[in-house]
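This report concerns only the one structure given below.
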Amino acid sequence: MSFQIELCKVLYSIVHNSIKDVDKVAIAFSGGVDSTLLSKICKDLRKQIIIITIGFPHSHDILFSKHISNLISETQNHIIHELTDIDFVETLQYVKSKIACNNLSHIENSIAFYYLSKIVKENDLGEFFLTANGLDELFCGYDKYRLYFDKGYKFIIEFMEEKLFNEFHLMNEVSHVIEQSGIKSIQPFMTDSFINFAKTIPLDYKIKGADDYIRKHIIREIALDIGVPKESAMYPKKAFQYGSLIHKHCIKQIKNFL
């Protein structure tokens, strides 16, 4: 069995284990390959999906997610939450009060998870929401993987472990931020079983070289195979905090909270 076929089966199995007891599932959605792949898998598992996008008006994520949700025929099930400056400042203050963290990226991500939990609760969408965290770490999604490529396998793996550790630390912080809502965030692609399997896939299925600006090749190929639109499957990674404009607005305000 090819790595691609086997990974595809594992992706469906791991997501199924996360949502087997519900009929409807909320999913954080940017329109990128990871969140669209996760959404398509949930649909194929015969679940009603509610996809949620967060961002400031006219941000990349708002505009791109609208386009992709239309292509996958989920416009009616797409919740778009446009952020405002006043509410953002209040949320930033709340997040800073919940976590002792000066890592700007972690603060920005925690803000997004706070909004996601709030939307899920206010719209009675269940007790949890899904995110596709983990695929960038395990399949060389981050651009920095290119910089380690010529240094050799050992350096790439060390960076992967570093990114995984960072992601687990972030998810722990997120849990503190959203605990009051009673809503949980679930990351199917950060379970031990999935991580262990993903590490068995050779690196050349993930990254081709120091000039590889696409990366995550096996994930993108599976996405295309199961019907994710090409515009999503082949779109280069754009970090959520930049695509949503949360980073831009955070930079303006964060000096008041550090």
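Which ones in the range 179-189 are assigned to a helix (DSSP H, G or I) and more than 16 Å from the chain's Cα centre (by Cα)? Once the filter is applied, which keeps residues that are assigned to a helix (DSSP H, G or I) and more than 16 Å from the chain's Cα centre (by Cα), the range 179-189 yields Glu179, Gln180, Ser181. Only residues that are surrounded by fewer than 19 Cβ atoms within 10 Å (Cβ to Cβ) and touching a residue at least 24 places away in the same chain (Cβ under 8 Å) were counted across the range 188-212, and they come to 13. Candidates in the range 34-76 are the residues that are of a type in the set (S, T, N, Q) and part of a loop (DSSP other than H, G, I, E, B); of these, the one that is nearest to the chain's Cα centre (by Cα) is Ser59. For the range 82-98, filtering for residues that are closer than 19 Å to Phe29 by Cβ and surrounded by 16 or more Cβ atoms within 10 Å (Cβ to Cβ) leaves 1.
Pairing each residue of the range 73-86 that is within 19 Å of Phe129 (Cβ to Cβ) with any residue that is among the aromatic types (Phe, Trp, Tyr) and part of a helix (DSSP H, G or I), provided the two are 6+ apart or on different chains, yields C-beta distances under 7 Å for His81/Tyr115. Consider Leu83 against the criteria (1) at pLDDT 95 or above; (2) more than 14 Å from the chain's Cα centre (by Cα); (3) over 14 Å from Lys248 (Cα atoms): it satisfies all of them except one. Which criterion is unmet? With respect to (1) at pLDDT 95 or above; (2) more than 14 Å from the chain's Cα centre (by Cα); (3) over 14 Å from Lys248 (Cα atoms), Leu83 is out only on (3). The combined condition, being among the hydroxyl-bearing types (Ser, Thr, Tyr), over 22 Å from Gly55 (Cα atoms) and without any contact (Cβ under 8 Å) to a residue 24 or more places away in the chain, is fulfilled by Tyr148. Taking each residue of the range 159-170 that is over 11 Å from Asn133 (Cβ atoms) and touching a residue at least 12 places away in the same chain (Cβ under 8 Å) and looking for partners that are among the basic types (Lys, Arg) and assigned to a helix (DSSP H, G or I) with beta-carbon atoms closer than 8 Å, six or more apart or interchain, yields Phe159/Lys144.
The values are calculated or read from the model by the stated rules, or taken from the named source; none is laboratory data. In this text the structure is predicted, and so the values were computed from the model without any measurement. Counting neighbours? That spans all protein chains shown, and the Cβs are built from the backbone with ideal geometry, glycine included.
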